[in-house]
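As structure tokens, the structure follows; a few thoughts come after it.
No lab work stands behind these numbers, since they all come straight from the coordinates. Owing to the predicted nature of the structure, the values given are computational and were not obtained by experimental measurement. Cβ coordinates were reconstructed from backbone atoms using ideal geometry, including for glycine residues, and neighbour counts include every protein chain displayed.
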Amino acid sequence: MVSVNAKAAGDPILEIDKVNLTLGGHEILRDVSAQIGNGEFVCVVGPSGCGKTTMLRLLAGLYQPSAGAVTYRGQRMLHPRQDIAIVFQDYGKALLPWRTAHGNVALAFEAMGAPRNGRDEKIEQLLVKVGLGGQGKKYPNQLSGGMQQRLQIARCLAQSPAVLLMDEPFGALDAMTRQGLQDEVLSIVRETGATAFFVTHDLEEAIYLGDRVIGMLPHPGRVAITVDVNLPHPRNQLTTREDPEFLSLRRQLFDFIKDAES
Amino acid sequence: MNALMRIDPRGMILPVGLIIVAEAAARLTNLQSDALAPPSDILLSGIKALADGSMLYATWQTLANAFAGLAIGFSLGMALGILMGLFRPLNRLLEVTVEVLRPIPSVALLPVALLVYGFGHRMEFSIVAFATLWPALILTRSAIAGIEPRLLEVSRALQLSLGARIFKIVIPAALPRIFVALRLAVGISLIVAVTVEVTTNPMGLGYKMMEASQGLQPGLALAYLVWVGMLGWAVNGIMVLAQKHLFGAAANVEARL
Amino acid sequence: MKVERLLWLGASVLVFAGFIYFWQLISDYRWVSPVFLPGPDRAWQALVRGITTGDLLVRWTATIERMIYGWLLASLAGICLGALIGSSERARAYIGPTLELMRPLPASAVVPLAIALLGLSETMVLAVIAFGGLWPMLLATVHGFSAVEPRLYEVSRALGLSRTAVIFKIALPSSMPDILAGMRLSLTVALILAVIGEMLASRDGLGSHIMLAARAFRSPDLFAGVILLGVTGLVSAMLLSWFESWMLRWRESR
């Protein structure tokens, strides 16, 4: 069994301990363990059906494990928490189409029962931060896919989350939009000091973003490999991707998945 | 719609329970009412009315009126709908007329029909015809508008005559959605026929119901009420089955007015 | 583009005017006996007379009031009940089939029962309108609530929304398109049942007005009433559809 340990010093903020998950008679995850350090950026890759999204939903408290435990700061995750935010892949379904961009971000403040005064300014600041300044009055279906995903990120930031869980957030976007958003997510995460857990099927995206990459394999879903990424910050779409370290990591993960599939 | 075919035992608890409670309550309180009757009484009255043929005769009258009106109203509406769907200028020219006439509640024409025809079949089916004409027109028009434009281009490229275009391309392509309109119109025709009978026309199920109620036979009146409900349910069920049988998956379109 | 649209609309109005003129010709040349069909001129005179003397106006407002009260009652009850049934999978399984059984029952068929229970009273008319208008509302709301995007429930869990917040901020607005469609249908039904109720219970209103006019062979009065009913249907449908497009303005894409 491969055990994945937090690179960062001190207690892990999130911990998955020997988790099994069976849903509707199907074994989705078997004996999965992982630790995520405070402030760490962890990416999960793997072929479809490997349970990477399921792992995210366990961390979110949307699923409960059949066996084992998921803990947040040492406490069992029994339900979703306001300081753990989730960015869903299908932004079109996760936004309220009848609310403006401003109203969608406001929903998070309403849920927290935050005071009304000063809220509008905070919302505008968040919209500016994700690059939606001045777009507050638009409805989601008046925004492009990339902008809708930015809006979802803004709503998550409104929760001032300690942990940001992202489920293939850029999977449905075109390459240019995707790269722009990768850099913005990186800078936002570094700026807020949040811990990030990022699910993707794109190896390069995982290496580019992560401090650590976890590789998973399917049938049943399990953790198979974990690699530390020691690329310098801030990362750059051109130089980082040409870095020999980047290329060798990509090769390592690529070969691993190739081998596992054959 | 599928709920019609699938039988979930949980769904039967409420109606069966209500019937039992109604029966028990009626017996315990020794119900003496001009309006309500215990379910057993309703059942007996219904069986008696079925056995002596009076209920079946009334059913025949109502259905005859409903379907005669439907045949006139729907075919007229469908013909207009096809023409307006095919020829945009016609559609635009008739827009105001259609939008002004359509919202006239069908029952508002009841006194008009009464004045012109007096009591009888003709006043009833003319109102049913008016009521079914509009959904037929509107839904056929939108069914035509929903035809794949490529198909119409094909028919033009083949230089089909207008008649051939309508009968070989347009109607077959729009048929699934026109059938949905028909299903809706069948329901409307039955509702309107019963309504006309309840309010004015002394024939059919609606009148029988009114007669029984005013003759202080609540059991019989309620039996007619249940029968009308069953009839509506059966007619709709037949239409759903026919739709599935005729069009299969293509029938998965809903009518919206 | 706008100009073209206006031109077509103008042409369409002209066509409608042409039909009215044709109607005038029918009565002028006595193609149909004026006992049955008065010309538009005489119907218009009756309408103006009825409104200026106030008789028709009083009846018209009475009908509109009944329609609106019954409709509001039906809408309120329909939305509340529909929300209760629609938001619970279990409630749907138990109650849904019963609703399906009741659905094809014509609302007018309960009129005899309502008369027997409540007499020829104002309450009876309102009860019938509310009962008839309830079904479209109820079914539409149940459908709306059961069709809420499941992802939005996850979003509300992740955000930590309370139960009431989920109903009022997620489920209700998400069901709004269905609810508004139900309200539109329900309003049509309400007008029809208001007219029927007035005819049967002889309550003062347009329904009894046109019925009495027909019995007395006063066809201009009859047609004046029919015109007012058409106007009521048209205006109420238009108002509601404006309200609908305002409520659903978020649907318009860029």
Residue exposure sequence - C:VAL32, C:VAL128, C:VAL166, C:VAL111 - by fewest surrounding Cβ within 10 Å: C:VAL32, C:VAL166, C:VAL128, C:VAL111
Hz values of 3J(HN,Hα) by residue in the range C:118-132 - Karplus curve (6.51, -1.76, 1.60), Gly and Pro given as x: 10, x, 7, 10, 4, 4, 4, 4, 4, 4, 5, 4, 5, 5, x
Farthest toward positive dipole pole in the protein assembly as shown [+1 Lys/Arg, -1 Asp/Glu at C-beta], among A:LEU56, A:VAL130, C:HIS143: C:HIS143
Entries of A:LYS137/C:LYS169; B:LYS48/B:LYS208; A:LYS18/A:LYS93; A:LYS18/A:LYS258; A:LYS138/C:LYS169 with Cα pairs more than 24 Å apart: A:LYS18/A:LYS93; A:LYS18/A:LYS258
Label-point separation, B:MET230 to A:LYS93 (7 Å along Cα→Cβ), nm: 4.4
Length gained when the stretch B:HIS121-B:SER75 is fully extended (0.36 nm per residue, less Cα-Cα span): 14.7 nm
Neighbour-count order for C:LYS169, A:LYS137, C:LYS2, fewest beta carbons within 10 angstrom listed first: C:LYS2, A:LYS137, C:LYS169
Given 15 as the ceiling on other Cβ atoms within 10 Å, longest exposed-site-free region of chain B for trypsin sites (Lys or Arg not before Pro) in DSSP loops: B:7-255
Tensor-based shape of the range B:38-251 (alpha-carbon gyration tensor, a/c under 1.5 rounded, otherwise prolate or oblate): prolate
Karplus-derived HN-Hα couplings along the range A:61-77 (A = 6.51, B = -1.76, C = 1.60, θ = phi - 60°), whole Hz, x at Gly and Pro: x, 7, 10, 10, x, 6, 8, x, 9, 10, 10, 10, 6, x, 10, 4, 7
MRE, 222 nm, helices only [DSSP H, n ≥ 4, -39500 (n - 2.57), over chain C, to nearest 500]: -27000 deg cm²/dmol
Residue-wise HN-Hα coupling along the range B:63-73, computed from phi with Karplus coefficients 6.51, -1.76, 1.60 (Hz; x: Gly, Pro): 5, 4, 5, 4, 6, 4, x, 4, 4, 5, x
Pair-distance profile P(r), taking every C-alpha pair of the range C:53-249, with 5 angstrom steps and integer %: 1, 8, 14, 17, 16, 14, 11, 8, 5, 3, 2, 1, 0, 0
Estimated 222 nm signal from helices in chain A, with DSSP H stretches of n ≥ 4 weighted -39500 (n - 2.57), rounded to 500: -11000 deg cm²/dmol
Computed label-point distance, nm, for sites A:ARG251 and B:GLU211 using a 7 Å Cα→Cβ extension: 9.7
Taking C:TYR29, B:TYR117 and counting other C-beta atoms within 10 Å, the order from fewest to most: C:TYR29, B:TYR117
C:ASP55/C:LEU14 FRET efficiency (R0 25 Å; Cβ-Cβ; nearest 0.05): 0.15
Under 14 Å, Cβ to Cβ, from C:PRO112 - net charge with Lys/Arg +1 and Asp/Glu -1: -2
Inter-label distance, nm, simple model (7 Å from Cα along the C-beta direction), B:VAL240/C:VAL48: 5.4
Whole-angstrom gap from the range A:61-139 to the range C:73-120, using each part's C-alpha centre: 38
Amide H within-cut-off set for A:VAL44, under 5 Å, with H built and near neighbours excluded: A:PHE198, A:VAL199, A:THR200, A:ILE214
